[in-house]
Amino acid sequence: MDPTTDNAGNTGNTGNTGDPDTARASLEALRTEIAKAVVGQDPAVTGLVVALLCRGHVLLEGVPGVAKTLLVRALASALELDTKRVQFTPDLMPSDITGSLVYDARTAEFSFQPGPVFTNLLLADEINRTPPKTQSSLLEAMEERQVTVDGTPRPLPEPFLVAATQNPVEYEGTYPLPEAQLDRFLLKLTIPLPSREDEINVLTRHAEGFNPRDLRAAGVRPVAGPADLEAARAAVAKTAVSPEITGYVVDICRATRESPSLTLGASPRGATALLATARAWAWLTGRDYVIPDDVKALALPTLRHRVQLRPEAEMEGVTADSVINAILSHVPVPR
């Protein structure tokens with residue numbers, strides 16, 4: 001396969017000239033490739049691929065040390081995409097993300113120095129540790145896929161995905177993301193602690209010399225590229241959705257708005273997101289049409305961050321996941 005250079009300056013795989021079957025096989029190979037570096041996180045890998053297919057963004061939630069950063073780096077390496085990491089801190093400024101104008105004494109002019117947002121996969125580490133002003137600097141990038149500095153809009157590379165992480169157990173000194181910004185994330189993926197067997201596997205790899213900072217030495221190789229993503233996105237856009245499935249998605253989202261355990265249900269944007277992720281999942285599993293099981297499979301990661309629990313329900317141990325699962329069990333399934 002001949003390499004080419006994309007608009008982010010990466011060498012991409014051009015072996016795929018638009019064949020969706022080749023694209024599907026390449027994206028399925030990602031799991032095997034990423035497993036060389038990250039153990040036991042197949043659902044998170046699938047979620048990131050779904051987000052790329054839908055041109056969406058992902059919120060990764062998990063305690064420190066469960067390989068969230070490594071997961072994103074391994075995905076970028078296996079897809080031949082550029083990636084950058086930003087550690088969000090209380091003193092981080094918007095220009096630290098988007099870039100700024102710098103005065104050049106030689107030319108007596110200002111030139112734009114791009115920030116880390118000019119990449120394919122941006123890892124926003126501990127996004128809830130930075131003030132709202134800096135958090136909001138990502139909104140334009142996530143929604144419009146551009147940043148505006150000094151009145152000039154500058155497009156971001158394609159593909160572009162923000163993978164933001166947050167710690168679910170440590171809230172001191174944090175700035176919780178507002179609902180409007182949470183709604184901009186296509187998926188919220190929970191990264192669990194590994195099972196005993198997986199943790200033994202992790203330690204064994206490290207004992208044998210695994211270096212998480214050297215993915216090439218770990219055997220992670222590019223198995224897909226921008227051309228595969230474009231072919232896959234085109235195929236997903238052609239995945240058929242029946243009126244019954246559309247109605248099923250709407251009924252689920254409307255049920256969240258009527259749940260006595262919730263103060264905030266999923267908006268129409270949430271319904272649109274659920275339909276999009278279900279289509280991507282249907283295509284990844286080898287079908288050109290959506291079935292109810294596709295909607296059920298993506299309901300939790302697509303909706304869990306778009307609903308808000310009542311304080312009394314939260315005190316009783318109710319979770320967003322348990323409410324959504326209850327809704328899925330009660331909403332009539334189309335036949």
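Spin-label model, residue 213/residue 315: points 7 Å from Cα along the beta carbon direction are separated by 4.9 nm.
Annotation: peptides 260-267, 143-150, ranked by per-residue average of other Cβ atoms within 10 Å with the highest first, follow the order 260-267, 143-150.
Taking a point 7 Å out from the Cα of residue 139 in the direction of its Cβ, the residues of region 97-116 whose backbone N falls within less than 17 Å of it are 97-98. Each of the peptides 186-194, 51-59 was scored by the mean count of other Cβ atoms within 10 Å over its residues; in descending order, highest first, they stand as 51-59, 186-194. Packing, taken as the mean count of other beta carbons within 10 Å per residue, orders the peptides 268-275, 236-243, 296-303 from highest to lowest as 296-303, 268-275, 236-243.
Ranking 27, 241, 137 by Cα position along the charge dipole of the chain, where only Lys, Arg, Asp and Glu carry charges on their C-beta atoms, puts 241 farthest toward the positive end. For the chain, DSSP calls about 45 percent of its internal beta bridges antiparallel.
Here region 36-151 is treated with +1 on each Lys and Arg Cβ and -1 on each Asp and Glu Cβ, and its dipole about the Cα centre works out to around 340 debye.
Candidates 280, 315, 291 compared by Cα position along the dipole of region 201-328: farthest toward the positive end lies 280, with charges placed on Cβ. Where only DSSP H runs of four or more residues are counted, the chain gives -13000 deg cm²/dmol as its mean residue ellipticity at 222 nm, each run worth -39500 (n - 2.57).
Using only alpha carbon pairs under 8 Å that are at least six residues apart, calculate the relative contact order of the chain and give it in whole percent.
Working: 590 pairs, mean separation 74.5, N = 335.
Answer for the chain is 22 percent.
Charge tally around residue 220: other residues with Cβ under 10 Å, Lys/Arg +1 each, Asp/Glu -1 each, net +2.
Computed from the Cβ-Cβ distance with R0 of 35 Å, the FRET efficiency linking residue 180 to residue 19 stands at 0.35. Note on region 26-59 and region 69-117: Cα centroid distance 23 Å, given to the nearest whole angstrom. Counting protein heavy atoms only, the chain has 53 percent of its accessible area on carbon and sulfur, 1.4 angstrom probe.
The values are calculated or read from the model by the stated rules, or taken from the named source; none is laboratory data. For clarity, every value in this text was computed on a predicted model and none was experimentally measured. With ideal geometry, Cβ positions are generated from the backbone for all residues, glycine too; neighbour counts draw on all protein chains shown. Each accessible area value is taken on the protein alone, full model and side chains, heavy atoms only, with ligands, DNA and RNA left out. Shrake-Rupley method; radii C 1.70, N 1.55, O 1.52, S 1.80 Å.
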